[in-house]
Each structure stands twice: as C-alpha cells, then as structure tokens.
Amino acid sequence: MALYLLEFKPLTPQQEEAQQILALLAQQLEQAEGAELIESQVAGDYSIIFSIIETEDPQLITGQLEPLQALAQVAGPDQVRLVGADLEDIKKLKQEANYLVEWDIPADISMDQYLARKKANSPKYAQVPEVSFLRTYVREDTAKCLCFYDAPDRDAVVRARQAVSTPIDRLFKLAI
C-alpha cells in the first residue's frame with residue numbers, strides 16, 4: 001500500500017466548510033474499498049486541508065473526488081513517503097500536530113539526497129527542545145514536503161527549522 005496526499009482549498013475558508021469537506025471525504029472513502037484515511041490536518045485559517053490516504057490504487061481516490069470539487073479546489077493525489085515516524089504508530093496514536101511547514105524542495109535534490117540530509121540534520125532538533133518534530137510526508141517526485149511539529153508557538157518552529165538548516169516556504173498553525 002502507498003500513501004497519497006490530497007490538498008483541498010475550500011471555496012469558502014470557514015470552519016463549517018472545512019468540517020463539511022472532511023465529512024464528505026470520509027464518506028467518499030468509505031465507498032472506495034481499499035482506501036483508508038490516515039490523517040487530515042486543517043490550517044488554522046481554514047484556507048487549506050491536507051489529507052493523507054493509504055491505498056494500492058490512486059484511481060480509487062480520484063474516482064471519489066468529484067463531489068468534493070463543489071466545495072474546494074482539489075490537488076492530488078500525489079504519492080508521498082512517510083519519514084521520521086511509523087505508519088502504524090500514526091494510525092494508533094493519532095498524535096496531533098499544531099504546526100505544519102511546507103517546503104518546496106529544490107528541483108536538484110533527489111529523494112536519496114533529501115533522506116540523507118534529513119538523517120544528518122534531525123539530531124539538531126535537540127537544540128530547540130521545546131519543539132517536537134512529529135513526522136514528514138515527502139512527495140515521491142520531491143516537489144515538496146510537509147513537516148509536522150508540536151511547538152509552543154510559531155517562533156519556536158522557525159528556530160527548529162533554522163537548527164536543521166531547512167527553509168520554510170509556508171508555515172501553518174493548525175486547527176485542533
């Protein structure tokens with residue numbers, strides 16, 4: 001089974017709209033035998049929703065997206081790789097993040113280079129002990145990655161990213 005990222009930009013960025021999108025997504029995936037919702041994270045301003053789906057066939061997901069297009073612009077599914085966490089733990093614990101960083105990975109960085117860089121830099125998170133790195137989903141085409149954190153505030157996330165020498169293209173406080 002592989003993991004896929006879906007991104008929803010609600011036509012009306014409000015809490016009710018985000019809840020409606022998530023409920024409809026869950027309903028649509030129930031109809032798609034062989035697809036499981038791993039997690040969804042919503043930006044605090046409700047401007048974007050990130051959902052990770054597990055399936056062997058991304059066409060199962062694509063076939064279920066049409067009703068959602070009435071509520072949001074939909075991007076994906078894009079295959080992603082989970083880094084820094086175990087999928088079974090995510091399924092069991094449902095550990096909530098409160099910040100998400102998107103990094104648009106430069107085109108000249110391959111997946112192997114990204115993974116080597118991540119491995120080398122991850123111990124540096126210890127320099128910012130108030131921040132817990134939780135997990136990353138990196139697109140298989142290495143176009144971008146989503147890094148999830150538990151942190152007391154935005155500045156702490158910025159310090160953590162500086163410690164690991166990795167830029168921030170977009171930083172979201174997540175709705176919990």
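A cut-off of 5 Å between modelled amide H atoms, ignoring neighbours fewer than 5 places along the same chain, links R135 with F148.
Put in order of Cβ neighbour count within 10 Å, fewest first, the listed residues S40, S51, S122, S110 become S110, S122, S40, S51.
The packing ranking, built from the mean of other Cβ atoms within 10 Å per residue, places the peptides 30-37, 17-24 in the order 17-24, 30-37, highest first. Panel note: the C-alpha atoms of the stretch 1-75, placed on their principal axes, show extents of 32, 20, 17 Å (largest first). When +1 charges are put on Lys and Arg Cβ atoms and -1 charges on Asp and Glu Cβ atoms, the dipole computed for the stretch 115-173 relative to its Cα centre reaches about 160 debye. The slack in the chain from I38 to L115, taken as 0.36 nm per residue of separation less the alpha-carbon distance, amounts to 25.5 nm.
Entry note, the chain: the mean residue ellipticity at 222 nm calculated from DSSP H runs of n ≥ 4, each adding -39500 (n - 2.57), is -8500 deg cm²/dmol after division by the residues and rounding to the nearest 500. Relative to the 2.2 N^0.38 Å rule of thumb, the chain has a C-alpha radius of gyration ratio of 1.02. For the stretch 4-27, list residues with backbone N below 18 Å from a point placed 7 Å from the Cα of D141 toward its Cβ? Once the point is set 7 Å along Cα→Cβ of D141, 4-9 turn out to lie under 18 Å by backbone N, inside the stretch 4-27. Fully extending the segment from R81 to T12 would add 21.8 nm, taking 0.36 nm per residue of separation and subtracting the current Cα-Cα distance. In this Cβ point-charge picture (+1 for Lys and Arg, -1 for Asp and Glu), the stretch 2-175 has a dipole of about 780 debye about its Cα centre.
Note on the chain: dipole from Cβ charges, positive end direction compared against P152, T62, L29; the farthest Cα belongs to P152.
Of T136, T55, T12, the residue with the greatest mean-square motion in the GNM of the chain, using alpha carbon springs below 10 Å, is T12. Farthest toward the positive end of the dipole of the chain, out of S110, Q162, G76, is the Cα of Q162, where the dipole comes from beta carbon charges about the Cα centre.
Any read-out appearing in this document is the output of simple, stated calculations on the displayed coordinates, not a laboratory observation. Computed from a predicted structure; not experimentally measured. A quick note on method: Cβ atoms are made from the backbone with ideal geometry, for glycine too, and the neighbour counts reach across all protein chains shown.
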